[in-house]
Amino acid sequence: MSSAPHVLVIDDEPQIGRALRAILTEKNFRVTTAARGEEGLSLAAANPPDIVILDLGLPDMDGFEVCARLREWTHVPIIVLSVRDSERDKVAALDKGADDYLTKPFSVEELLARVRVALRHAAREQGAPASVVHAGQLTIDLGWHVVTRAGSEVKLTATEFNLLAYLASNPGRVLTHQSILTHVWGPADAEHTEYLRVYMRQLRKKLEENPERPRHLLTEPGVGYRFLADGEG
Amino acid sequence: MHHKPLSVRLAGYASAAAFVLIVSLAVLPARGALGTAPIALLLLIPVGLSTALWGLGPGLVAAFIAFLSFNYLFITPYYTFLVHLPSDLVILVIFLIVAMVMSQLVGRAQAGREAAAAREREATQLYELSTALAGLRDPEAIGRVLVTQVQNNLGAEVTELALRSPMAVTLRLPQEARHPDRLPDLAVPLQATETALGELRLWRPTPPVSESEQRLARTYAAQGALALERASLGHAEARAHVLEESDRFKSALLSSVSHELRTPLATIKAAASSLRGGQVGWDSPARVELLAAIDDEADHLNILVGNLLDMSRIESGALRPQRQWNVLTEIVERVLDRMRHALGVHQLEVDIPPELPLLPVDFVQMEQVFTNLVSNSAKYAPPGTAIRISAGVRDPAEVLVEVSNRGPHVPEEHLERIFDKFYRITAADRVTGTGLGLSICKGIIEAHGGRIWAVNLEDGFAFRFALPLTLDGAAPLAPRPEIETP
């Protein structure tokens, strides 16, 4: 990106808007803020942003609708802001097309990391989809179905590979339990989170240096999983 | 009897008449052999029995018919109502008097017995009603009992109970019956101390409703009104009790929380203002200290707010865990990761076997449980000692989790009470905390169908909780096994 990336913040709390504007401007982003859903949508249409930060609790319309309306015409990354204990809302926002979420209160490092990851993947998506994904010591060849760790091949079962491939081809994005289960096991097994737990444990054992503190295959409590390449988290 | 239907009463008269005629005809062949006196005595039998069987009226009719048939069939000249012999006339007159008096006496005794039985029946019915009503607190249930009893005991075709607001329901029996077109045969108000609570109406196939039945209906209505009034008083009392409890809870919460919120706020304010005011040099190590303090205290506030939310949900019964199959290690690692900074002076040990089955728990709520248990342990355990989290399957249906520390023992008598709201063993000013953390743990664990308790160990203190290993009675499904492709 040649010019400074443009961030649109849609949040009705002025303090949050003020803080985000200060932090992001300091980090060389161009920041626009909107306090209402409609305002945010028209600002986005008038001056398409590179990333949207969206609060789920807005006075005029709910955040899910803003997500859905944005998704009608743009693939811009959307990060939603939500509070603890609203896992259902997070899942609903992700289903409506959001890419990621942050639980309030969040640290600036967390926010900036998510923004950077989202921007990087948005830029990559505009080109051809990557057929080889690198993450630390891992190389995942999606075309040839080959996974290597520090140069030596790792043997995976078919389901393990499908699961890894689905996560790795959406790096940085939070994928909900349901979407992973539907994609890997099929719609009939969409509620069987236990499959996912078992396979994720197996995958971590094979791929992570410390399976108890994974760096690439991350759990999003009550919501789903996220694949992170190195240096992104 | 008043409430016998007309057809039954007519049948009584007819039977009495028939009885007398049959006996007369049966005796007829013997009229030559027997004298008039024995025949008169024989004819008294159906009179007496008729009165006993069918009551006073039929008895009198029997007496009169017996008199006529005696005169007509058995006194010369036969087949006339004439009397020739003076002795026959005496017998006839005495017969009439005896028959009348006897049927009167028998009839009265009979009526008395029946009245007594009716009173007894009424008393039993009232007793049944009051037993059925006792202990009912729901106005509709009370209404249903009342309608059923009236319907069954007063021989009603349709019974209706219209309760006024706030209940505002109309109950009708039989349920499929439509509202009759005519006015009710009996309507009794349900009179409470101040207002009428409703009206009891009944329709009968054969009016009229006797006086004793009206009395019974009124007694029923009074009983029903009493029960309704008692129920509404009970409700009001229960509501008042809940309100009082929640009021006491709120004021305890406020006093506990305002103190507890102010401490981190004071730290944050002091640190932020000194940084902003430029009192601290850019390279000063104090700067890093102050920033860390702000960060930590903000996290502390966040936990506090989470606890407050959980507490209010537990109090209002709105805490419903979203139970999903989860890996315990993941939950624990996440909590420790987040708390590592705040737990600087303690060592953390985790001993959870890798083969531990999946647990059906709400990830976020269990995070709060571990956060509270670990931060409580950290408050009491001496610096430098270890806080240990371990877990294992206890019996096939349960997992047992322990969070232990090297802290001081808790007196046995406090062990249970530490899970009560706002309960502190030590003086409030010595250890910080709202006194909510452990009671929230209890609320969450119990909402998961588990139990939590505390024990003194030989060299420390431990929280333990047990959780079921099944979700809606089922274990997690195992995915189909697979072979690794080369």
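The values are calculated or read from the model by the stated rules, or taken from the named source; none is laboratory data. This one's a predicted model, so the numbers in the text were calculated from it and none came from an experiment. Here Cβ is always computed from backbone atoms with ideal geometry, including for glycine, and neighbour counts include all displayed protein chains.
Figures for the structure shown
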read-out: Residue within the stretch B:433-440 that is more than 10 Å from chain A (Cβ to nearest Cβ), under 25 Å from B:Ala252 (Cα atoms) and over 35 Å from the mean Cα position of the chain (by Cα) present; value: yes
read-out: Boolean, B:Asn372 is touching a Gly at 6+ places or on another chain (Cβ under 6 Å), surrounded by 14 or more Cβ atoms within 10 Å (Cβ to Cβ) and either free of Cβ contacts under 8 Å to residues at least 24 places away in the same chain or more than 22 Å from A:Pro211 (Cβ to Cβ) (or both); value: yes
read-out: Count - residues of the stretch B:87-133 that are free of Cβ contacts under 8 Å to residues at least 12 places away in the same chain, under 14 Å from B:Gln223 (Cβ atoms) and small (Gly, Ala, Ser); value: 1
read-out: Failed criterion for B:Leu253 (all others in (1) surrounded by fewer than 18 Cβ atoms within 10 Å (Cβ to Cβ); (2) hydrophobic (A, V, I, L, M, F, W, C); (3) modelled with pLDDT under 85 hold); value: (1)
read-out: Members of the stretch A:3-42 found to be part of a strand (DSSP E or B) and either closer than 16 Å to A:Pro77 by Cβ or touching a Cys at 6+ places or on another chain (Cβ under 7 Å) (or both), listed by number; value: A:His6, A:Val7, A:Leu8, A:Val9, A:Ile10, A:Arg30, A:Val31, A:Thr32
read-out: Test for B:Ile440: is it of a type outside the set (Asp, Glu), out of contact with any strand residue (DSSP E or B) (no Cβ under 8 Å at 6 or more places or on another chain) and assigned to a helix (DSSP H, G or I); value: yes
read-out: Single unsatisfied condition, A:Arg173 versus (1) more than 20 Å from the chain's Cα centre (by Cα); (2) more than 13 Å from chain B (Cβ to nearest Cβ); value: (1)
read-out: Failed criterion for A:Arg215 (all others in (1) touching a helix residue (DSSP H, G or I) at 6+ places or on another chain (Cβ under 9 Å); (2) closer than 30 Å to A:Val108 by Cα; (3) part of a loop (DSSP other than H, G, I, E, B) hold); value: (1)
read-out: Check on A:Gly172, free of Cβ contacts under 8 Å to residues at least 60 places away in the same chain and either small (Gly, Ala, Ser) or crowded, with 18+ Cβ neighbours inside 10 Å (or both); value: no
read-out: Positions within the stretch A:200-212 being facing chain B (nearest Cβ under 8 Å) and either in contact with a Lys or Arg (Cβ under 9 Å, 6 or more places away or on another chain) or not in a helix (DSSP H, G or I) (or both), in sequence order; value: A:Glu212
read-out: Matching residues in the stretch B:140-183 - criterion: being out of contact with any strand residue (DSSP E or B) (no Cβ under 8 Å at 6 or more places or on another chain) and either touching a residue at least 60 places away in the same chain (Cβ under 8 Å) or within 16 Å of B:Leu228 (Cβ to Cβ) (or both); value: B:Ala141, B:Ile142, B:Val145, B:Gln149, B:Asn153, B:Gly155, B:Ser165, B:Pro166, B:Ala168
read-out: Yes/no for A:Leu196 being closer than 24 Å to A:Arg88 by Cα, under 17 Å from the mean Cα position of the chain (by Cα), within 12 Å of another protein chain (Cβ to nearest Cβ) and outside any loop (DSSP other than H, G, I, E, B); value: no
read-out: Sole residue being in the same structural domain as A:Thr159 (by TED's automatic domain parsing) and surrounded by fewer than 17 Cβ atoms within 10 Å (Cβ to Cβ), chosen from A:Arg213, A:Arg204; value: A:Arg213
read-out: Candidate set from the stretch B:303-335 (those that are of a type in the set (Ser, Thr, Tyr) and assigned to a helix (DSSP H, G or I)); member that is nearest to the other protein chains (Cβ to nearest Cβ); value: B:Thr329
read-out: Hits in the stretch B:267-280 (condition: of a type outside the set (Lys, Arg) and either touching an Asp or Glu at 6+ places or on another chain (Cβ under 7 Å) or farther than 11 Å from B:Ala293 by Cα (or both)); value: B:Thr267, B:Ile268, B:Ser273, B:Ser274, B:Leu275, B:Gly277, B:Gly278, B:Gln279, B:Val280
read-out: Answer residue from the stretch B:354-390, given it is more than 26 Å from B:Asn302 (Cβ to Cβ) and within 14 Å of another protein chain (Cβ to nearest Cβ) and is nearest to the chain's Cα centre (by Cα) among those; value: B:Pro360
read-out: Selection from the stretch B:336-347 of residues that are crowded, with 18+ Cβ neighbours inside 10 Å and not in a loop (DSSP other than H, G, I, E, B); value: B:Leu336, B:Met339
read-out: Filtered residues of the stretch B:443-486 (kept if in a strand (DSSP E or B), within 40 Å of the chain's Cα centre (by Cα) and within 14 Å of chain A (Cβ to nearest Cβ)); value: B:Leu471, B:Ala474
read-out: Test result for B:Ala221, under 30 Å from B:Val8 (Cβ atoms), part of a helix (DSSP H, G or I), of a type in the set (A, V, I, L, M) and modelled with pLDDT of 85 or more; value: yes
read-out: Some residue of the stretch B:398-419 being of a type in the set (A, V, I, L, M, F, W, C) and closer than 20 Å to B:Val305 by Cα; value: yes
read-out: Residue list for the stretch B:337-353, filter: of a type in the set (A, V, I, L, M, F, W, C) and more than 10 Å from chain A (Cβ to nearest Cβ); value: B:Met339, B:Ala342, B:Leu343, B:Val345, B:Leu348
read-out: The stretch A:14-40 residues that are closer than 17 Å to A:Lys104 by Cβ, paired with ones that are aliphatic (A, V, I, L, M) and surrounded by fewer than 17 Cβ atoms within 10 Å (Cβ to Cβ) (beta carbon under 8 Å, 6 or more apart); value: A:Ile23/A:Val108; A:Ile23/A:Leu112
read-out: Leading residue by the ranking (nearest to A:Lys205 (Cα to Cα)) among those in the stretch A:150-169 that are away from every other protein chain (no Cβ under 14 Å) and either in contact (Cβ under 8 Å) with a residue 40 or more places away in the chain or in a loop (DSSP other than H, G, I, E, B) (or both); value: A:Ala150
